[in-house]
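Okay, so here's the structure we're looking at.
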Amino acid sequence: MTSVIIPRSEHTVSRQNIHPDALKVMYRLVRKGFTAYLVGGSVRDLILGRTPKDFDVSTNATPSQIKKIFQNCFLIGRRFRLAHIRFDDQIIETSTFRRCPDQDEENGGDDLYQFRDNCYGTPEEDALRRDFTINGLFYEVERFTIIDHVGGLSDIQNRLIRCIGDPNIRFREDPVRMIRAVRFASRLDFHIEPATYNAILRHHEEILKASPPRIFEELQKLFAFAAGEKAFRLLYKTGLLHVLLPEIADFLDHDHGQDSVLWTWLEHLDERIRTVGKVEPVLVFAALFTAPVRHVAERYETAGERVVYNALLADLLPPICTRMSMPKWMSTRMIQIMANQSRFEPDKKKRFSKRGFVAQDCFPETLALYQLGLLVAGEDLGPAEIWGSLRSEVEAETPQFVRGEVRTEQGRPPRKRPPRRRRR
């Protein structure tokens, strides 16, 4: 593909929208005789008129050369050394131009999953090794030009997600790229172009070759920018969800697929993320699992079996969380706020301290899940507001909330055991 240089008069990217620290890094590298570009998602977002979350720089300076230039530089990474240049409120990730390893440098065989990616290259080679064309654009700070080696600008204009190179190979090299394609399509409201989409359909089972922690991180990112519902619909359509979370996919298969109640849960969850302005991972996965778990409970009850909901949660969810590499603290908290939902249902046989309940550390997430459930059911939010008011009363009366002390369900600090006496 022929490289294209777009002059300042033909694009909308302005230095005023680039973080000053990123400009400092690029200008200093250029003064030292190196090439330096703003790269990746930041260029894409600037073209789209969005505010980038991060500003990444690529250069022909090696990591050791970067470290000599910047005293506030720290090198990280084992597979590939990256320079993190730290300022007061910002880290500018600076990488050396890379290239795809040659065939004899790969691990060989039919398995294309890359374990080596440590080869320096030219700017053109660096663009070609990136995942999607929309992420392969460079911004050159001296002449204010955009450099397009991969046709990314055209795909942005046409709102397309397209692999750089053969998607059948690129997805086998790194299967996580399939989830990233879903994330960019849902977040930006783009379409995945046919060749890339068909490659996901063909190779979706390859995702099992990626490390579970990386997959879990990508799943959390799907909910950023309030795009979770669109993202999970795409995961379901492409078959990725059947491999990543077969329990959720099985529930959708039995719950009218594209008309499932799960989409209503995720719609309201996205709306909350837009309102609150952040992703709450524990709440996200609690909302994702609530409808499928309730479906299992209803299935048992229809068969005439007695269901203890909390016991069902403890039986179903831990194996799934372990397989996902969800941190233990997160899975424990998620199960707790799901189990807490029964407290909102009046039951004279089960008496408990309401003030102690609202004093729990996880009550805000418990209440948020309750509110989502009411919205999904089309019910009035009045009961949730009453509980929220009680929480505010207890907070006002209990200064320990401000200090974040751990409290028991009854609202009292837990007793500390006296230290054991040493044997002499």
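A short reminder: the numbers here are calculations on the coordinates, not readings from a lab. Since the model is a prediction, treat every value here as computed from it, not as a measurement. Cβ atoms come from the backbone with ideal geometry, glycine included; neighbour counts cover every protein chain shown.
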Original post:
What number, in percent, do you get for the relative contact order of the chain if the mean sequence gap of Cα pairs under 8 Å and at least 6 apart is divided by its residue count?
Top reply: 10
Subject >> Separation of the PHE144 and PHE80 label points, Cα + 7 Å toward Cβ, nm >> reply: 3.1
Subject >> Within-15-Å neighbourhood charge of TYR27 [Cβ basis; K, R +1; D, E -1] >> reply: +3
**OP:** Once you have the Cα-Cα distance between THR12 and ARG99, take 0.36 nm times their residue separation minus that, and quote the gain in nm to one decimal.
**Re:** 28.4 nm
Original post:
Roughly what would the spin-label model give for ARG28 and ASP189, points 7 Å off Cα along C-beta, in nm?
Top reply: 4.0
Original post:
Just in the range 215-308: which trypsin sites (Lys or Arg not before Pro) are loop by DSSP and have at most 14 other Cβ atoms within 10 Å?
Top reply: LYS278, ARG306
Original post:
So what is the 222 nm mean residue ellipticity for the chain from helices alone, if each DSSP H run of at least 4 adds -39500 (n - 2.57) and you divide by all residues, rounding to the nearest 500 deg cm²/dmol?
Top reply: -14500 deg cm²/dmol
Original post:
Do the alpha carbons of any pairs in LYS209/LYS237; LYS230/LYS278; LYS278/LYS328 sit beyond 27 Å of each other, and which pairs?
Top reply: none
Original post:
According to the Cα gyration tensor, what semi-axes, each the square root of 5 times an eigenvalue, does the equivalent ellipsoid of the chain have, listed from largest to smallest in whole Å?
Top reply: 45, 27, 22
**OP:** Could you list the square roots of 5 times each eigenvalue of the Cα gyration tensor of the range 159-258, that is, the equivalent ellipsoid semi-axes, sorted largest first and rounded to whole Å?
**Re:** 19, 16, 14
Original post:
Taking springs between alpha-carbon atoms closer than 10 angstrom, which of ASN168, ASN72, ASN198 fluctuates most in the Gaussian network model of the chain?
Top reply: ASN72
**OP:** Can you give me the span-like helices of the chain, meaning DSSP H runs with 30 Å or more of Cα extent along the axis and Kyte-Doolittle mean at or above 0.0?
**Re:** 281-302
Original post:
By how many nm would the segment from SER392 to ASP259 lengthen if fully extended, with 0.36 nm per residue of separation less the alpha-carbon distance?
Top reply: 44.1 nm
Subject >> Long-range amide H partners of VAL4 with built H, under 5 Å >> reply: ASP148, HIS149
Original post:
Exposure proxy check: SER14, SER58, SER3, SER331 ranked by fewest other beta carbons within 10 Å?
Top reply: SER14, SER3, SER331, SER58
Original post:
Under a GNM of the chain (C-alpha, springs under 10 Å), which listed residue has the highest mean-square fluctuation: PHE289, PHE74, PHE138?
Top reply: PHE74
Subject >> Whole-angstrom gap from the range 270-284 to the range 192-251, using each part's C-alpha centre >> reply: 20
Original post:
Going by how many other beta carbons lie within 10 Å of each one, how would you line up MET26, MET324, MET338, fewest first?
Top reply: MET324, MET338, MET26
**OP:** Between GLU247, GLU173, GLU301, find the one with the highest GNM mean-square fluctuation for the chain; connect C-alpha pairs within less than 10 Å.
**Re:** GLU301
**OP:** Please check which bits of the range 260-304 a label hung off LEU312 would reach, taking the label as a point 7 Å along Cα-to-C-beta and the cut-off as backbone N under 14 Å.
**Re:** 289-304
Original post:
Sorted from fewest to most neighbouring beta carbons within 10 Å, what does the list TRP329, TRP265, TRP387 look like?
Top reply: TRP329, TRP387, TRP265
